[in-house]
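Here the structure comes first, spelled out in structure tokens, and everything after it is commentary.
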Amino acid sequence: MTAASIPLVFSPLAFSQKSSTNHIYSLLVEIKHALENFHQQGIKQSIDLLATPLSAFERKRLLGLLGKGEVDINLTSLGKSEIYETNYNGIWFINHKDEDNQVLTQLIEITQIPDIVLSPIKDIPESTKKLQTLIENEVK
Amino acid sequence: MPTQDTQDRLSHILKSNGVSRRGFIKYCSTLTSLLALHPSMAMKIAESLEKVQRPSVIWLHFQECTGCSESLTRSHAPTIESLIFDYISLDYHETLMAAAGNAAEKAMHEAMEAHKGKYLLVVEGSIPMGNPGYSTVAGESNLHVLEKVAADAAAIISVGTCASFGGLPHANPNPTGAVSVSDIIKNKPIINIPGCPPIPVAITGVLAHYLTFNRLPKLDSLSRPETFYANTIHDRCYRRTFYDRGLFAESFDDEGAKKGWCLYKLGCKGPTTYNACATVKWNDKTSWPVEAGHGCLGCSEPNFWDAGGFYQALSIPSGNYKKAGASAIAAGLAAGVAVGLANKHKKAHAVKQHDDVSVDDWSEKS
């Protein structure tokens, strides 16, 4: 038998239920505790999903379990960022990507609304000036 | 009209490149995550970075393959790493700078003079002590250049296992007498960022931390930033559950390997290696060695080239230890991890001392 006659079989890494790392349960409990803390004490929390040892299958399953709620926001700056509230009020998912659509960071945020969504107060004066210019040009 | 002072600030540079404040916050959020800081620090980092001036960085190359610089510069798209790297004032880097010869040397000396006491010195590569002539640049030995440039540096960053611990040049029999930066410089704050090469973000994360807080991050006993080196690969490996359940790949093409089982028996050095590959990953978070099906080589540890074969399990000794190794395997693989650690230290010591070590000399505690 030669090397060339050995058949090469490519199969995707199997991550069936049997191969699960069972981290989803502990993560959901952590999220629940964070939500309780936020409600009782106003403490926001953020969980970095990429720093948690989840397989790609489990990350997908976790997001599937949390689902997508009523609010869906798209941010375009240094690439696209998906921001949405899950089916559970106060639990948000943020997926920051770069301009090549590569994931930078994925966060579960427990808050009323993620800070990045809020308009930056420091930029309001500049917006006012730009709007004034627009109005003056419109009048002309 | 912005002054030169404000023009050198990161926030201004980003804004000039069309990056909005939300983009800056996104950048800082990602940085916070990379530095393993509490998410609430993102806004504080943003406020701090807004005021920071561009730091001068002098990057020296000694006995090295330039893989560390390659690791840092090979990004496919503007990334956090490239943004930080582009932000610093890289006043001397033999591979990247346009100048050559006398013009390059002049640039280095001007930066040293203009930023005396404030510039960051980055070193890539080990330093030969057997004969200074083994590695020279512009006729000067690496040792002389290091001592000269380190004298007025604010801090030194040893990038890669060669600069941190001696690396490949230091491997047995160490023909050039290669040593690390910290073996020579004793009076400056030094941070080691080992890896062969290091993960790019480990390099830029340290730079970002220094820029934000004006100090080096918290270090472990080997002067490595705890942000990236506090946990072993084994601690954060997604295949850890298979190790715990005793499910191991026995060869690279068996069913266990295809199912993604633990690679311990195939030589994975994850249990004794401190690094962030398992969480940060490589190539824009594409994958890392274990996920690709190959065990960890332990490249961020001292003497990893002399720690036994890359394909020998930690609990299986090499050389004269084969008899004792059978006992360790019989005792259980969990003990094997601890034995592996003890083995690593004992073997290094024994080889150096030409001692014989028996089973009784082994400790079951790490």
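The values are calculated or read from the model by the stated rules, or taken from the named source; none is laboratory data. As the structure is a prediction and not an experimental result, all values here were calculated from the model. Cβ atoms come from the backbone with ideal geometry, glycine included; neighbour counts cover every protein chain shown. The area values use the complete protein model at the heavy-atom level, side chains included, leaving out ligands, DNA and RNA. Shrake-Rupley method; radii C 1.70, N 1.55, O 1.52, S 1.80 Å.
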Residue count for segment B:33-54, restricted to those that are over 28 Å from residue A:52 (Cβ atoms) and crowded, with 19+ Cβ neighbours inside 10 Å: 0
Top-ranked residue of segment B:260-290 - restricted to ones that are open to solvent by 50 Å² or more (accessible area, probe 1.4 Å) and in contact with a helix residue (DSSP H, G or I) (Cβ under 6 Å, 6 or more places away or on another chain), ranked as nearest to the other protein chains (Cβ to nearest Cβ): B:261
Members of segment A:78-99 that are within 14 Å of chain B (Cβ to nearest Cβ) and more than 30 Å from residue B:13 (Cα to Cα): A:92
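Which residues, counting only those in segment B:198-209, are open to solvent by 10 Å² or more (accessible area, probe 1.4 Å) and either part of a loop (DSSP other than H, G, I, E, B) or more than 11 Å from residue B:35 (Cβ to Cβ) (or both)?
Narrowing segment B:198-209 to residues open to solvent by 10 Å² or more (accessible area, probe 1.4 Å): B:200, B:209.
If the condition is that a residue be open to solvent by 10 Å² or more (accessible area, probe 1.4 Å) and either part of a loop (DSSP other than H, G, I, E, B) or more than 11 Å from residue B:35 (Cβ to Cβ) (or both), then B:200 is the only one that fits.
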Residue A:82 being within 30 Å of residue B:287 (Cα to Cα), free of Cβ contacts under 8 Å to residues at least 24 places away in the same chain and surrounded by fewer than 18 Cβ atoms within 10 Å (Cβ to Cβ): yes
Residue A:68 within 14 Å of the chain's Cα centre (by Cα), farther than 20 Å from residue A:115 by Cβ, charged (D, E, K, R) and surrounded by 13 or more Cβ atoms within 10 Å (Cβ to Cβ): yes
Subset of segment B:26-45 [within 11 Å of another protein chain (Cβ to nearest Cβ), part of a helix (DSSP H, G or I) and over 27 Å from residue B:69 (Cα atoms)]: B:41, B:42, B:43
In segment A:113-140, the residues that are assigned to a helix (DSSP H, G or I) and either of a type in the set (Gly, Ala, Ser) or touching a Pro at 6+ places or on another chain (Cβ under 6 Å) (or both): A:127
Some residue of segment B:175-190 being in a helix (DSSP H, G or I) and touching an Asp or Glu at 6+ places or on another chain (Cβ under 6 Å): no
Any hit, segment B:88-99, residues being modelled with pLDDT under 80 and either at negative phi or away from chain A (no Cβ under 14 Å) (or both): yes
Some residue of segment A:41-54 being in contact with a Lys or Arg (Cβ under 8 Å, 6 or more places away or on another chain), of a type outside the set (Gly, Ala, Ser) and assigned to a strand (DSSP E or B): no
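Go through segment A:36-52 residue by residue and tally those that are within 23 Å of residue B:280 (Cα to Cα) and either modelled with pLDDT of 85 or more or in contact with a Ser or Thr (Cβ under 7 Å, 6 or more places away or on another chain) (or both).
Step one: filter segment A:36-52 for residues within 23 Å of residue B:280 (Cα to Cα), giving A:45-52.
Restricting the remaining residues to those that are either modelled with pLDDT of 85 or more or in contact with a Ser or Thr (Cβ under 7 Å, 6 or more places away or on another chain) (or both) gives A:45-51.
Residues in segment A:36-52 being within 23 Å of residue B:280 (Cα to Cα) and either modelled with pLDDT of 85 or more or in contact with a Ser or Thr (Cβ under 7 Å, 6 or more places away or on another chain) (or both): 7 in total.
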3 or more residues closer than 25 Å to residue B:200 by Cβ: qualifying helices (runs of 4 or more DSSP H) within segment B:232-323: B:233-236, B:277-280
The listed residue being open to solvent by 80 Å² or more (accessible area, probe 1.4 Å) and within 13 Å of chain B (Cβ to nearest Cβ), out of A:75, A:118, A:104: A:118
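Kindly establish whether residue A:57 is at pLDDT below 85 and surrounded by 14 or more Cβ atoms within 10 Å (Cβ to Cβ).
Values: at pLDDT below 85: yes; surrounded by 14 or more Cβ atoms within 10 Å (Cβ to Cβ): yes.
In short, yes.
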